[in-house]
Amino acid sequence: VSAVAMADWFRVYQLYTDYAALLDEQRLDEWLGLFTDDCLYRVVSRENEQAGLPLALMRCEGLPGLKDRVHAIQEVSVYAPRTMRHLVSGLRVSPGEQPGTLRAQASFAVLQSLETDHTTVFAAGSYTDVLRDDGDRLSFATKTCVHDGSLVVNSMVYPL
Amino acid sequence: MTEQAVSTHPPLGRVWPSADVSRIPNWVYTDEDVFRLEQERVFGGPFWSYVALSAEVPQPGDFVRASVGNHPVVVARTRSGEISVVSNRCAHRGLAFCMQQTGNTKTFVCPYHQWSFDLAGKLIGLPFKRGVRGNGGMPGSFELGEHGLNALAVTERNGVIFASLAKDPPSLADSFGAPMLRYFDRVFDGRELRVLGYQRQRIPANWKLVFENIKDPYHASLLHVFLVSLGLFRADQPSKVVMDSTGQHAALVSQRGQRGSNDVTKEIRQFDERLELHDPNLLRPAKEFPDDDTVVMHTLWPNLMVQAQTNTLAMRAMAPRSAGVTDLHWTYFGYADDDEEMTLRRLRQANLQGPAGLVGIDDWEVLAYNQAGLASDPDAAGVVEMGGLGVGDEDHMVTEAAIRAMYAYYREVMGW
């Protein structure tokens with residue numbers, strides 16, 4: 001049972017749908033628009049999370065940090081072309097600790113399709129996020145993507 | 001160079017395609033028989049494999065899993081405070097009994113038939129040893145003392161634990177040699193270490209490709225646009241390649257250089273002089289060692305790479321799984337006396353490395369394609385002549401000397 005109104009749950013659901021679609025369509029500049037200016041985006045392993053260890057796989061501080069990551073993906077890094085597919089489910093929303101915020105959790109699975117190979121499961125895990133609610137716009141203030149698997153499948157090019 | 005190496009009975013009937021090491025045959029990376037022989041001669045040989053940091057097992061009873069080659073082991077601190085490394089293989093039916101990556105326990109108990117061992121690997125008991133109501137039980141000839149876990153040779157230097165499957169490996173100091181010990185002790189100077197976290201990945205490439213990558217400054221000055229464009233690693237900055245007398249170990253050492261274009265960057269196809277960080281905090285280095293070196297990438301035969309890239313310190317330990325698959329385990333650390341700012345600096349700079357590294361991604365992708373190309377023709381050979389044919393130290397990074405030196409040693413160890 002969600003502790004927020006169904007209308008708010010749907011607004012959050014829409015945010016996660018946009019998040020997945022913009023990533024999968026590689027519209028990363030638009031994807032940046034889903035975050036607050038001072039956001040903290042992290043991909044962490046479940047192992048580190050459970051052990052209370054601070055190391056992340058990706059750690060982007062604020063929109064500038066996210067822009068550096070996006071620029072590297074678009075212009076700098078060398079990698080084989082691929083299509084990623086995010087499946088997000090199990091969305092739960094509750095009121096945030098600060099006024100004007102919501103807490104949201106969801107599960108994700110990410111499939112990877114390399115050009116010369118069949119589709120494989122790249123990652124599974126959970127999102128634990130804080131959203132800022134400005135009334136007309138919801139955005140990610142903190143986004144923590146917990147990567148369940150012990151091993152990353154070679155390289156993690158795109159955010160989870 | 002094209003002359004065949006002379007050997008009457010080369011292992012696996014394979015013949016090295018050149019007398020020197022300017023050629024590396026593709027089959028060393030792709031042949032599963034070679035992989036099996038390496039488990040015996042390289043990872044089972046008289047060498048020290050890195051298994052853990054002492055800081056991971058601070059208390060008696062603490063344990064952590066690790067690998068020596070593709071051989072699973074458990075590293076533990078015994079009740080008396082000693083470090084023991086035992087095979088993760090029950091002495092009874094061979095189960096990999098340790099199901100947790102890390103933990104604390106008084107005894108190792110195999111879940112299958114509950115044989116229990118102390119943390120040094122000694123068998124201390126098993127259920128129904130004397131049978132049940134007169135039935136069954138072990139024969140009178142069964143001695144607990146003869147059925148312990150396989151215990152490996154162990155050594156520790158300044159908080160870093162190594163193990164060997166060989167009975168009497170030479171001392172770590174002799175194995176490393178003075179020049180390599182100097183670089184090792186630069187990072188591991190006796191200060192207490194603090195683990196910041198782990199990253200783990202499965203790379204679809206042979207372990208030697210992963211190892212060579214860190215012995216190859218030539219690629220780093222070209223492939224890694226991020227490093228080159230930001231002036232972190234450039235072919236025109238002060239740098240050197242230092243090895244031990246056998247060539248099994250190496251250190252790539254360099255000092256942060258300038259940004260901007262010149263005659264050197266003209267030859268780098270993807271050099272981007274406009275590359276600017278939106279978040280400059282990502283790379284705000286702090287000098288922390290007495291020398292002026294900003295990058296020391298240290299390869300220690302047979303499984304360890306110690307990374308000191310600006311302020312990111314990490315162990316990269318290889319667990320080879322098959323000829324074409326290598327698991328790479330990263331342990332990032334700092335020092336127990338780091339302040340919050342230094343810890344944050346290490347965590348931020350870690351963005352460059354690892355499976356999702358802004359620089360690292362280039363390597364993992366290239367290694368996968370390297371393996372794919374090699375597998376398409378195992379009898380072809382690669383050309384390793386950058387910087388000449390020598391296998392000695394160099395004071396620049398336009399060289400593959402450390403790769404050649406490793407293969408000179410590899411040929412000796414493997415019998416080619």
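Table for the structure above
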read-out	value
Top of B:N158, B:N281, B:N311 by mean-square fluctuation, Gaussian network on chain B, Cα under 10 Å	B:N281
Convex hull per residue volume in Å³, alpha carbons only, for segment A:80-160	106 Å³
Three-way shape label, segment B:103-180, alpha-carbon gyration tensor, a/c 1.5	prolate
Under 5 Å, built H, 5+ apart or other chain: amide partners of B:L95	B:C90
Selected from B:A91, B:Q309, B:P320, residue furthest toward positive end of dipole (chain B; charges at beta carbon)	B:A91
Nonlocal amide H pairs with B:A52, under 5 Å, H built at 1.01 Å	B:I161
Residues of segment A:51-69 with amide N under 13 Å of the 7 Å Cα→Cβ point at B:L344	A:61-62
The protein assembly as shown: Cys lacking any partner C-beta under 4.7 angstrom	A:C39, A:C60, A:C145, B:C98
Chymotrypsin sites (Phe, Trp or Tyr not before Pro) restricted to segment B:83-144 and DSSP loop, no more than 16 other C-beta within 10 Å	B:Y112, B:F128, B:F142
Extension gain (nm, one decimal) between B:A151 and B:L95, 0.36 nm per residue minus Cα-Cα	18.6 nm
On Cα atoms only, tilt of A:6-24 relative to the major axis of chain A in degrees	20 degrees
Partner lysines for B:K167 [C-alpha distance under 25 Å; skip if fewer than 8 residues away on the same chain]	B:K122, B:K208
Flagged links, alpha-carbon separation over 20 Å, of A:K67/B:K266; A:K67/B:K215; B:K215/B:K240	A:K67/B:K266; A:K67/B:K215
Residues whose placed amide H lies under 5 Å from that of B:D393, excluding near-sequence neighbours	B:M243
Whole-percent pair-distance distribution, where bins are 5 Å wide, for the alpha carbons of segment B:138-199	4, 12, 17, 16, 14, 12, 8, 6, 5, 4, 2, 0
Computed FRET value (nearest 0.05) for A:L114 with A:R27, which takes r as the C-beta separation and R₀ as 30 Å	0.90
Once exposed loop trypsin sites (Lys or Arg not before Pro) are cut out (DSSP; at most 16 other Cβ, 10 Å), longest piece of chain A	A:28-136
Choice from A:V44, A:V78, A:V110 showing the highest fluctuation, given a GNM over chain A with Cα pairs closer than 10 Å	A:V78
HN-Hα J in Hz across segment B:288-297 - Karplus 6.51, -1.76, 1.60, θ = phi - 60°, x for Gly and Pro	9, 10, x, 8, 9, 5, 10, 10, 10, 10
Cα gyration tensor shape for segment B:145-274, rounded if a/c is under 1.5, else prolate or oblate	prolate
Debye log10 I(q)/I(0) for segment B:312-398, one point scatterer per Cα, at q = 0.11 Å⁻¹	-0.52
Degrees separating the helix B:360-375 axis from the principal Cα axis of chain B, which is the longest one	80 degrees
Segment B:99-200: trypsin sites (Lys or Arg not before Pro) in DSSP loop, at most 10 other beta carbons within 10 Å	B:R130, B:R133, B:K167
Helical mean residue ellipticity (222 nm; -39500 (n - 2.57) per DSSP H run of 4+; nearest 500) of chain B	-5500 deg cm²/dmol
Degrees separating the helix A:62-71 axis from the principal Cα axis of chain A, which is the longest one	30 degrees
Gyration tensor (alpha-carbon) shape descriptor, chain B, a/c threshold 1.5	oblate
Accessible carbon and sulfur surface of the protein assembly as shown relative to its total accessible area, %, 1.4 Å	50 percent
Within a Gaussian network of chain B (alpha carbon springs, distance under 10 Å), most fluctuating of B:P72, B:P204, B:P217	B:P72
Within segment A:62-160, GluC sites (Glu not before Pro) in DSSP loop having at most 13 other beta-carbon neighbours inside 10 Å	A:E97, A:E115
Size of charge dipole - chain A - debye, nearest 20, with Cβ of Lys, Arg +1 and Asp, Glu -1, no other charges	280 debye
Ratio Rg/Rh [Cα only; Rh per Kirkwood] for segment B:15-61	1.23
Mean ellipticity per residue at 222 nm, deg cm²/dmol - from DSSP H runs of n ≥ 4 across chain A, formula -39500 (n - 2.57)	-7000 deg cm²/dmol
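The values are calculated or read from the model by the stated rules, or taken from the named source; none is laboratory data. Keep in mind that what you see is a predicted model, and the values were worked out from it rather than measured. Cβ sites come from the backbone with ideal geometry, for glycine too, and all protein chains shown count toward neighbours. When the accessible area is computed, the model is the full protein with side chains, heavy atoms only, and any ligands, DNA or RNA have been set aside. Shrake-Rupley method; radii C 1.70, N 1.55, O 1.52, S 1.80 Å.
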